[in-house]
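The values are calculated or read from the model by the stated rules, or taken from the named source; none is laboratory data. On a predicted model such as this, the values are computed, not experimentally measured, just so you know. Here Cβ is always computed from backbone atoms with ideal geometry, including for glycine, and neighbour counts include all displayed protein chains. Only protein heavy atoms, including side chains, enter the accessible area calculation; ligands, DNA and RNA are left aside. Shrake-Rupley method; radii C 1.70, N 1.55, O 1.52, S 1.80 Å.
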Protein chains: 2
Amino acid sequence: MGNQLYSIVEGGGVTTPKGFKAGGLHCGLKKTDRHDLGVILCEVPAAAAAVYTTNLFQAAPLLVTREALGQGGILRAVIVNSGNANACTGAQGEADARAMQANAAEALGVSKDQVAVASTGVIGELLKMDRVNSGIEKLPAKLRGDVQGSDDFCQAILTTDLVKKVSCVTLNADGRQVTIAGAAKGSGMIHPNMATMLGFVTTDARIGAPLLQEVLREVTNLSFNMITVDGDTSTNDMLVAMASGLADNTELTRNHPDFAAFVDGLRHVCAELAKAIARDGEGATKLIETTVIGAASDEAAQAIAKTIIGSSLVKSAVFGADANWGRIIAAVGRAGQPVNVGTVDIRLGDILVLEQSRPVPFDEDIALEYLKGDTVGINVNLNMGSGQATAWGCDLTYDYVRINAAYRT
Amino acid sequence: MGNQLYSIVEGGGVTTPKGFKAGGLHCGLKKTDRHDLGVILCEVPAAAAAVYTTNLFQAAPLLVTREALGQGGILRAVIVNSGNANACTGAQGEADARAMQANAAEALGVSKDQVAVASTGVIGELLKMDRVNSGIEKLPAKLRGDVQGSDDFCQAILTTDLVKKVSCVTLNADGRQVTIAGAAKGSGMIHPNMATMLGFVTTDARIGAPLLQEVLREVTNLSFNMITVDGDTSTNDMLVAMASGLADNTELTRNHPDFAAFVDGLRHVCAELAKAIARDGEGATKLIETTVIGAASDEAAQAIAKTIIGSSLVKSAVFGADANWGRIIAAVGRAGQPVNVGTVDIRLGDILVLEQSRPVPFDEDIALEYLKGDTVGINVNLNMGSGQATAWGCDLTYDYVRINAAYRT
């Protein structure tokens, strides 16, 4: 990743970049009194971009957001509810998503084709629109430009998540301070290719919508698409980015001297959010970070890293702090990628357990101690080429089963 | 599957077909006193065939068995140990597998290139060959042609399995009674494409090795390759079939009038073993049987059925008796197959829960009662074409996590 071209903003949030306010409140979609309706508003038209779930069944809000972004790549606001995914809800669901868009636009005083809509929660039930609408009416009064606004928004998008997920960096673009921030939710149904997660990026960089779209896609492939919690992908995932341009830098292009810094900063924000989602996976007690090097290509490394991180057996072994490298190499061997079966090294953190595909004696007590930590590294060197990738996941625990055995009830 | 062309033999086993004896004993590879070494012996040279794991890392016994079958497709015996997979054990492991083959051949008085070797258990540890060898010496005295011999063998191949898995059918081939039987093990690391399972088929049918190989592959794709427990595939899976020819039928060919009956009988045996493996999946409390019809092709139906049965979220919901069809349709949508998003029907058993991709009101109490049963059917109609497939799996439970959090210890 080279030298870090950005600085981390501790305590920053989606309202830190210039031009953004955010807020959240409880409108009654969740059974608890936690926030379930949130909004981000940009004070100027923002260049916008988005990536969506690859699931064939796409929820109504995605259709509406796609349409809005198709009108020139400009957004003023995004309205989000949790507690109900508005998915598999047919024509009424689509009408409800459009009503959310129109009502939010009216309440915020912006054009409705500049409002994105996102929903997350239970599939197949109609939204209680009376509650959504009365919540939308109260939202403008909740808008804040400080960290509280960001916090309220972050809380409003959570479902089974235990913690809010936020990241913020700043960098320099031709002498101007550019800030990039992001908020996300996601806990179950997390898998490569935008699985049950919502992500929202704000920045005050000046960048055109088409380039923002390209960069967002590239960065997503190295961050959100490299995590898995349970291999399931959802009907509702989306990542929306809005750039206010108020940092007043010369518009970013691929030739801009600080373009690499912007991309690296955006990658950092998205990777931090992705890791936070993995660590907060349903029932998880640990973050697992799998790095594959020496692969035939980056794509091969990605596929292998994701296969390891997606193995229920590997995930269970990590939960049990069991240095079971046999399951790791079995995952390497079934990833469908070129592997030289005689040259694989595996390390748990720094502890070498397999060298040239043969077991190496290691201190089980030291390995146990390492595996009991809250972050476990699985490092594989195929010793074939220069391809590399990192993927993130979590352990498989009793609580994952408990949470998912009765989600609807 | 049309009219049944075979009869089930209750209480039959791998020793039921003419010409086979089997046995098992405890040689000390398992910590408990359960059997861990087994053998099947055919009194005449048997036409033989096998299919193997697709995992790139293949255990030493697979190399040895492949070589044996390469010498003309004839086997006299198969020797199997549980408790240690002899995988990732390098040159010593290969030498050990060859020693198992040679020592078994000598003890049984057959040619060593007519002995197949199979192992299952922990990966990466060397076999305790002194124990294996002293067990092999005692094996001939344990050989029996009755059901006890089959039972002893079935027990010897188990690892975390809770129950022995056996199936037997008989059919008529030009007036002769032909019997087909099978035994299998498999509990974790079970996934399409021959994942951690061992299977052994015996038959007294007269059939050439090349045709037996073709039929075994075809039937495997409809049985063992349609089950998943956890999505992991192992380094050791194999299915070996031996045909003694002692039923004295005219040699089976694709034009033989009773060829279809033989294939159907073999399919039944393999499907019963596959279902038994799925039902006995690590920690499982239920068998899940997913049938997809109305798909664009059989291949599409297979992929969708396997995606549903492999979803941790679906598996957890079934464990919790939660009629969560949202997770089922999300799995349908991410299977990578053609789906008309507006025409999907989903039934839990006979209970319609989704029609034309829209939720249907159903009696939650009746659904709960159904989902509490020990077999749960998930039936999907895509209403697109005539492709269909059935896959089998099991629920994801606390016990799966418990078993796999500390398998080695």
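Things to note:
- Here residue B:372 is the anchor, and the lysines within straight C-alpha reach of less than 28 Å, apart from those fewer than 8 places off in the same chain, are A:30, A:31, A:315, B:164, B:165, B:185, B:275, B:286, B:306, B:315.
- FRET efficiency for the residue A:138 to residue B:141 pair, using the beta carbon distance and R₀ = 60 Å, is estimated at 0.10.
- Entry note, the protein assembly as shown: the mean residue ellipticity at 222 nm calculated from DSSP H runs of n ≥ 4, each adding -39500 (n - 2.57), is -10000 deg cm²/dmol after division by the residues and rounding to the nearest 500.
- Comparing mean-square fluctuations of A:145, A:320, A:385 from a GNM of chain A with C-alpha springs under 10 Å, the top value falls on A:385.
- Cα→Cβ-extended label distance, 7 Å offset, between residue B:174 and residue A:218, nm: 7.0
- Neighbourhood net charge (14 Å Cβ-Cβ; Lys/Arg +1, Asp/Glu -1) for residue B:66: -3
- Considering only B:27, B:245, B:150, and ranking their Cα positions along the charge dipole of chain B that arises from unit charges at the beta-carbon of Lys, Arg, Asp and Glu, the one farthest toward the positive end is B:27.
- Extension gain, residue A:343 back to residue A:10 (0.36 nm per residue minus Cα-Cα distance, nm): 115.6 nm
- Ligands, DNA and RNA excluded, the heavy atoms of residue A:398 present near 80 Å² of accessible surface to a 1.4 Å solvent probe.
- Neighbourhood net charge (12 Å Cβ-Cβ; Lys/Arg +1, Asp/Glu -1) for residue A:250: -2
- Chain A: antiparallel DSSP beta bridges as a percent of all, rounded to 5: 70
- For the stretch A:334-383: rounded, prolate or oblate by the Cα gyration tensor [a/c cutoff 1.5]: oblate
- Mean-square fluctuations from a GNM of chain B, with a 10 angstrom spring cutoff on Cα atoms, peak among B:168, B:42, B:88 at B:88.
- Mean sequence separation of contacting Cα pairs (under 8 Å, at least six apart), scaled by the length of chain B, corresponds to a relative contact order of 18 percent.
- Evaluated with a Cβ-only charge set (Lys, Arg +1; Asp, Glu -1), the stretch B:6-280 carries a dipole of roughly 260 debye about its Cα centre, given to the nearest 20.
- Antiparallel %, DSSP beta bridges [both residues in the protein assembly as shown], to 5: 70
- Modelled spin labels at residue A:250 and residue B:126, positioned 7 Å past Cα toward Cβ, are 6.8 nm from each other.
- Net charge contributed by nearby residues that have their C-beta within less than 13 Å of residue A:92 (K/R +1, D/E -1): 0
- Note, ³J(HN,Hα) from phi for the stretch A:219-227, Karplus 6.51, -1.76, 1.60, rounded to Hz, x at Gly and Pro: 6, 4, 5, 9, 10, 4, 7, 10, 10
- Across the options B:162, B:313, B:61, the greatest Cα extent toward the positive end of the charge dipole of chain B (unit charges at beta carbon of Lys, Arg, Asp, Glu) belongs to B:61.
- Dipole moment magnitude, nearest 20 debye, the stretch B:271-364 about Cα centre, only Lys, Arg, Asp, Glu C-beta charged: 260
- Chain B: projected area of the alpha-carbon convex hull, averaged over directions, in nm²: 19.1
- With Cα atoms, 0 to 90° folded angle of helix A:60-70 axis to chain A main axis: 80
- Proportion of all alpha-carbon pairs of the stretch A:32-74 beyond 11 Å (%): 75
- Inter-copy label distances at residue B:134, using a point 7 Å along Cα-to-Cβ, come to 8.0 nm with the shortest given first.
- Cα gyration tensor, the stretch A:287-406 - rounded (a/c under 1.5), prolate or oblate: oblate
- Using θ = phi - 60° and Karplus 6.51 cos²θ - 1.76 cosθ + 1.60, couplings along the stretch A:276-289 (whole Hz; Gly, Pro as x): 5, 5, 4, 5, 9, x, 3, x, 5, 10, 9, 8, 10, 10
- Within the protein assembly as shown: Cβ-based charge dipole about Cα centre, in debye rounded to nearest 20 (Lys, Arg +1; Asp, Glu -1): 80
- Between 0 and 90°, nearest 10: helix B:90-108 axis offset from chain B longest Cα axis: 60
- Length-normalised contact order of the stretch B:287-406 in % [C-alpha pairs under 8 Å, at least 6 apart]: 47
- 14 Å Cα-Cα reach of residue B:18 towards aspartates and glutamates, excluding residues that sit fewer than 8 places from it in its own chain: B:43, B:146, B:204, B:248
- Proximity of backbone amide H atoms, modeled 1.01 Å from N, is registered between residue A:26 and A:36 at under 5 Å, excluding neighbours fewer than 5 places apart on the same chain.
- In the elastic network of chain B, a GNM with C-alpha springs shorter than 10 Å, the most mobile of B:384, B:100, B:242 is B:384.
- For the protein assembly as shown, dividing the convex hull volume of the Cα atoms by the residue count gives 152 Å³ per residue.
- Taking 7 Å steps out from each Cα toward its Cβ at residue B:259 and residue A:31 produces label points 6.0 nm apart.
- Taking a straight Cα-Cα cut-off under 12 Å and skipping sequence neighbours fewer than 8 places away in the same chain, the aspartates and glutamates within cross-link reach of residue A:142 are A:151, A:152.
- For residue A:334, the amide hydrogen comes within under 5 Å of the amide hydrogens of B:56, counting only partners 5 or more places away or on other chains and with H modelled in the peptide plane.
- Rounded to 5, the percent of DSSP beta bridges in the stretch B:287-406 classed as antiparallel: 70
- 0 to 90° range, to nearest 10: angle between helix B:129-138 axis and chain B longest Cα axis: 70
- The apolar share of the surface of chain B, taken as the fraction of accessible area on carbon and sulfur atoms (1.4 Å probe, ligands and nucleic acids excluded), comes to 48 percent.
- Whole-Hz couplings from phi, Karplus 6.51/-1.76/1.60, listed for the stretch B:342-350; x for Gly and Pro: x, 10, 8, 9, 10, 10, 9, x, 9
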